[in-house]
1. Looking at D291, D357 in this structure, which one is acidic (D, E), touching a helix residue (DSSP H, G or I) at 6+ places or on another chain (Cβ under 7 Å) and modelled with pLDDT of 95 or more?
2. Out of all the residues in the range 353-370, is one or more assigned to a strand (DSSP E or B) and closer than 19 Å to L470 by Cβ?
3. Name the strands (runs of 3 or more DSSP E) wholly within the range 111-183 that hold at least 1 residues that are within 16 Å of the chain's Cα centre (by Cα), buried (at least 17 other Cβ atoms within 10 Å of the Cβ) and not hydroxyl-bearing (S, T, Y)?
4. Do we find that E195 is over 19 Å from the mean Cα position of the chain (by Cα), over 22 Å from N137 (Cα atoms) and at pLDDT 95 or above in this structure?
5. Is it the case that some residue within the range 48-70 is aliphatic (A, V, I, L, M) and touching a residue at least 40 places away in the same chain (Cβ under 8 Å)?
6. Based on this model, can you work out whether P82 counts as of a type outside the set (G, A, S), assigned by TED's automatic domain parsing to the domain that holds W127 and under 25 Å from F153 (Cα atoms)?
7. Please find, within the range 305-340, the residue that is surrounded by the fewest Cβ atoms within 10 Å (Cβ to Cβ) out of those that are part of a loop (DSSP other than H, G, I, E, B) and either in contact with a strand residue (DSSP E or B) (Cβ under 9 Å, 6 or more places away or on another chain) or β-branched (V, I, T) (or both).
8. Go through the range 341-363 and report how many residues are in contact with a Pro (Cβ under 9 Å, 6 or more places away or on another chain) and either surrounded by fewer than 18 Cβ atoms within 10 Å (Cβ to Cβ) or of a type in the set (G, A, S) (or both).
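The values are calculated or read from the model by the stated rules, or taken from the named source; none is laboratory data. Everything numeric in this text was worked out from a predicted model, so none of it was measured. No Cβ is skipped: glycine too gets one built from the backbone with ideal geometry, and neighbour counts run over all protein chains shown.
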Amino acid sequence: MSNMSLKEQLDSLFNPRAVAVIGASNSFGKWGYNVLSRVLSHKQGREVYAINNKDPEVMGMKAYRSVVEVLGPVDFAVITVPFQDVPAAMEDCVRKGVKSAVVISGGLAETGEEGARIQREALEIAWRGGIRFIGPNCLGFCNPYANFCTAPFLPPIEAGRVALVSQSGNSGQSILDYGAQMGVGFSKFISSGNEADLRFEDYLEYLGQDEKTDVILGYVEGFREGKRFLELAKEITKKKPIVIMKVGRTDVGTRAARSHSSALAGSEAVLDSVFKQCGVIRVDKLHEVVDVAVALLGQSLPRGRRVGVLSMSGGMAVIAADALRKEGLELPPLSAVTMEKLESMMSRRWSGGNPVDPAGDFVSYQALWPMIEDENFDAIVVIGGVAMASGYATWAPALMKQATEELGEQMGEAELDAIKTTIDLMTKHRKPVLFTVGAARFEVEGKVALRLKQGHLNLYTEAEESAKVLAHLVRYSEYLSAG
């Protein structure tokens, strides 16, 4: 094996100088075509070589029958050949002096004993030659900071502070896509596949040291080194949050996970206990992975469990209160100072306590600001009244549409000023505020929604989502305080 540290090995893998695509193809739609297209679109001074043992040219480039025939050095290879040819391709990489690879090819350990035997053979060849590799049976990876990507089927990814390791290619794509919608930038994306060589724990160790990564996300079907995961996570979560969607909770799900990525799924009760011990945030849904990541990027961690609720609807206030209590959070009374401020701006119909419901009066930010300042609250959940101006026109009759759009524009400009004041207060008091819109259409467009997104302040569509995300922040904060 190589004498380089894991960090040095993966730094080299994620930003290679000379790349060979083994199994490069002229056939549109084949992996060898799609991967080479993606690599060429991010060439940027790298040498790229097409390896095809039949065609003399691929996509207008000279093709080599083997990577061994390439005259210049090659430090990285993408292997996309049929599964039975993977060991021979790996042997050629060893002879050429390739340092790292990603094996896209499927049909190996996830399919049964014959595939597992071929995978072991390829692994032994790689180990003998000091090659570290991602996969097999994976989508590839992306390093936006180096503008290098081997995964052909990804949404546009901006460089940012979040890393994602996914044992499922398609689930990883979904998380990336929703992340892009929510304004999340990524430092690395790794589709880890069967993890024959490099494992989830290796990526975790690497990302824990990666200066461009502040939050680590994982989609996990099973751990191969449970004890190592626990030890790594305990250290990493002290400085970087780890958010994991661990699937395979049921017997059927466990079997499906094993057949998908040949992972060992493990006992659910043990895993829950391990996650709690090491401060890992466990989520249940793909969009929740992103929602929690956005909150960790844009919000202060709450100092406690006490929540103030401001709702433009009495019904939604009740739903929010129920959801927060279900998550083990508290709804204390308003302080005397806040009560006095709210009394001065509300009509007689307002709720007179927490949750704060103006009962039809459009009082949002003016009520929110004293609640952020209230020492009785560690966090605030807002339901409705935010980013609504851009949605009014969609509800207006045709004759009123222009007037409504103009009104919406004026309200939007005024709201931008209010958002600035709100963010300043959140920063000053180090207090999270989670915004929930009254109707989904209001969140899609408009300057206010964009400004919130730029500050990593998500707009949730349901009070239950806000409550769940806030509870994750509270538990992580409590874990850090206890340590």
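1. On inspection, the qualifying residue turns out to be D291.
2. Yes: the range 353-370 contains one or more residues that are assigned to a strand (DSSP E or B) and closer than 19 Å to L470 by Cβ.
3. Details: elements: 132-134, 140-143, 159-166.
Answer list for the range 111-183: 140-143, 159-166.
4. Criteria not met by E195.
5. yes
6. Against the criterion (of a type outside the set (G, A, S), assigned by TED's automatic domain parsing to the domain that holds W127 and under 25 Å from F153 (Cα atoms)), P82 qualifies.
7. So in the range 305-340, the residues part of a loop (DSSP other than H, G, I, E, B) come out as 305, 312-313, 327-329, 331-335.
Now drop any that are not either in contact with a strand residue (DSSP E or B) (Cβ under 9 Å, 6 or more places away or on another chain) or β-branched (V, I, T) (or both), which leaves 305, 312-313, 329, 331-332, 334.
Details: R305: 20, M312: 23, S313: 18, L329: 21, L331: 19, P332: 16, L334: 21.
This residue is P332.
8. Qualifying residue count, the range 341-363: 5.
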